[in-house]
Structure formats: structure tokens, C-alpha cells
1. Whats the longest run of the chain with zero GluC sites (Glu not before Pro) that are DSSP loop and have at most 16 other Cβ atoms within 10 Å?
2. Relative to the first principal axis of the alpha-carbon coordinates of the chain, what is the inclination of helix 51-73, with its axis defined by its Cα atoms, in degrees from 0 to 90 and to the nearest 10?
3. I'd like the distance separating the alpha-carbon centroids of the stretch 227-294 and the stretch 98-135, in whole Å.
4. Only helical DSSP H runs with n ≥ 4 go in: add -39500 (n - 2.57) per run for the chain, normalise by residue count and round the 222 nm mean residue ellipticity to 500 deg cm²/dmol.
5. Starting with the highest mean, order 236-247, 170-181, 280-291 by the number of other Cβ atoms within 10 Å, averaged over the residues of each peptide.
6. Per q in 0.24 1/Å, what log10 I(q)/I(0) does a Debye calculation on the alpha-carbon atoms of the stretch 103-210 return?
7. Hey, what's the Cα Rg ratio for the stretch 158-283 versus the globular rule of thumb, 2.2 N^0.38 Å?
8. Can you tell me the relative contact order of the stretch 25-311? Whole percent, Cα pairs under 8 Å, sequence separation 6 or more.
Amino acid sequence: MENSTSKFINKLELSSSPHIHSKWSTKKVMWFVVLSLLPPLISGIIFFGIYQLLIIAVSVFFAIVTEAIIKKIRKMKITIDDGSAVVTGILLGLVLPPNFSLTATAIGAVFSIAIGKELFGGLGFNIFNPALIGRAFLQAAFPVAMTTWTKPNFSVDTITSATPLAAYKFDRVLTQLKPMIIGNIGGSIGETSAIAILIGGIFLIVVKIVNWRIPVSMILGMILFSGIFWLIDPIKYPNPLFHLFAGGFLLGTFFMATDWVTSPITAKGMWIFGFCISLIVVIIRIFGGLPEGVMYAILIMNAFVPLINRLTEPRTFGEK
């Protein structure tokens with residue numbers, strides 16, 4: 001009897017809460033995310049050239065190698081086949097300017113994995129989105145290169161290499177919606193085509209990898225907060241649709257803010273998280289010195305996720 005009891009006890013696994021059950025394995029989720037990123041990746045190649053594929057490849061390669069080396073040093077199981085490093089590498093590549101330096105891309109990928117992910121303990125323990133950590137580092141290390149944009153392949157005389165947000169911020173030139181929806185504008189490799197991003201993002205929602213609350217709250221928040229300023233002075237401030245389709249808002253909405261590890265786990269928390277991100281984005285875009293603020297908004301709110309989870313934790317049945 002004692003032997004059977006001890007065998008049973010040895011099979012028990014103790015772990016900290018929250019205890020969430022899902023049909024999705026980490027590996028399956030990550031490769032589905034990779035699949036969903038193909039539309040913005042393909043659009044980036046179409047509008048900016050085949051060289052962009054090399055940027056993505058370098059980013060993915062150094063992300064994988066960095067994770068493998070760190071796991072080896074820490075004498076941990078190498079789990080690069082779970083696809084998480086691949087996702088980080090692709091996302092980092094998609095938020096870089098077209099024709100970006102391959103050397104700088106490699107540095108950013110190493111930083112994303114080493115500092116943004118493994119420093120916190122690896123997959124599931126990172127506080128901040130690793131790809132955005134890498135981009136933030138590159139923004140500080142290579143500010144000129146990170147704000148140097150390339151004209152899309154199908155540009156016309158009225159379309160410059162400047163991003164719609166930069167054109168409006170510094171020159172008060174409002175880009176039309178059609179090129180922003182299609183992708184025939186200046187911007188990061190994977191953020192210019194709203195259609196491509198929506199295809200991948202909606203796919204993730206349909207297969208229930210992404211919780212719809214965060215994208216919906218961010219979109220509603222953007223419409224609400226930017227709409228207030230637009231109603232106050234429609235000449236001075238751009239309309240909400242411009243804010244929705246310009247810059248990296250949609251890419252951040254569907255692929256960055258919805259990261260399982262760095263976003264809230266409660267329904268109420270997701271709404272708070274999404275609305276706050278949009279508010280910060282609007283404040284930076286309108287009052288800040290930079291034309292874009294999606295990266296900073298998501299990273300700032302990543303830091304508040306533990307607090308949001310704690311404040312929105314459902315009350316236990318029967319608890320006073």
C-alpha cells in the first residue's frame with residue numbers, strides 16, 4: 001500500500017496559479033501565429049522588395065541561435081521547435097524599416113531573446129513583449145536608421161517615403177485611406193497593409209488563439225480617444241480612421257498586445273489593458289515629439305499587467 005501511494009504522489013505536479021486549461025499547446029499556437037503573419041510578410045515583400053525576406057530570415061535565425069545558446073549555457077532543454085523564437089524573430093523583422101541593416105537586425109534579435117525573454121526565465125516568464133523590447137533597443141541604438149523609410153514599389157508622385165504619421169506630424173499632410181488600407185505607403189515592413197494584417201488577425205480570433213476583447217477594446221478606444229480631439233478641432237487633429245490605419249496600430253493590436261504572456265488573463269483586465277494602450281498611443285501621437293507611440297504604449301501597459309490581473313481577479317464564490 002505504501003509503495004502504490006508513493007508512486008502516486010511522485011506523479012503529482014505542483015505549479016503556481018493561474019491554472020488555465022486549453023486545447024492549444026504552446027507549439028501549436030506559435031506555428032499558427034507564424035501562419036497568420038504570412039499575409040503582412042508577403043505584403044512587405046510586394047511593396048518593398050525581396051530584400052525584406054532576408055531581413056526576416058536574419059532576425060529569425062539569430063533569435064533561434066540566441067535562445068539555443070542561452071538554454072545550453074543554463075543547461076536547460078532546448079525547445080526552439082516550439083516556435084516562440086521564430087515568432088519573435090518574424091515580429092521584430094516586420095516592425096523594422098524596409099532595407100534595414102542586416103547587422104543591426106541580428107543585434108536586435110539577440111537583444112530581443114537574451115534580454116526581453118531569457119533574462120526573465122524564458123517562455124512564459126517574460127514581462128514585456130520580446131520583439132518590442134528588441135525594437136526599442138534598436139530605436140535607441142540606431143535612431144537615424146530606424147526612422148529612414150523607403151518608397152513602396154508602386155508609389156506615385158503624391159506618395160513619399162515618409163510614413164503617414166510623420167507626414168502629418170511634421171508637414172500636416174494627411175494621407176488618404178486607400179493606400180493605407182492596401183499598403184502602398186511608407187512604413188515598417190509589415191505594418192503598412194491594413195488588409196494583410198486584418199486577414200492574419202481575424203484568423204487568430206476565429207481559431208480562438210487571440211481573445212477578441214483586446215483588439216476590440218483597442219479599436220474602440222482609438223476611435224473614442226482620437227475622436228474626441230477630432231470633434232474638438234477636425235482641422236488640427238486627424239480623424240479616427242486615420243489613427244486606426246496609420247502606423248503600427250493594427251499590427252500591435254492583433255499581434256503584440258494579444259501576447260498570452262504579457263497581457264491580462266481576466267476579461268475585465270483585457271478591456272482595461274486595451275483602452276489604456278489606445279489612450280497612451282493617442283497622447284503620444286498628438287502631444288509627443290514622436291509621430292508614433294504604439295511600441296511604447298504596449299510596453300508601458302505590459303508593466304501594469306500583474307497589477308491589472310490582481311485588481312480584476314474574480315471573487316471566489318462565497319467570499320465576502
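1. Formally, the longest exposed-site-free interval is 14-318.
2. Relative to the chain, helix 51-73 is tipped by roughly 30 degrees.
3. The two parts, judged by their Cα centres, are 23 Å apart.
4. After summing the helix terms and dividing by the residues of the chain, the value is -18000 deg cm²/dmol.
5. 236-247, 280-291, 170-181
6. With no solvent term, the Cα-only Debye profile gives -1.16.
7. Values: Rg = 14.7 Å, N = 126, 2.2 N^0.38 = 13.8 Å.
Taking the Cα Rg and dividing by 2.2 N^0.38 Å, one obtains 1.06.
8. Contact order relative to length: 18 percent.
All of the numbers you see were taken from the coordinates with simple rules; none came from a lab. Worth saying up front: this structure is predicted, and the values here are computed from it rather than measured. Note that each Cβ is placed from the backbone with ideal geometry, even for glycine, and that neighbours are counted across all protein chains shown.
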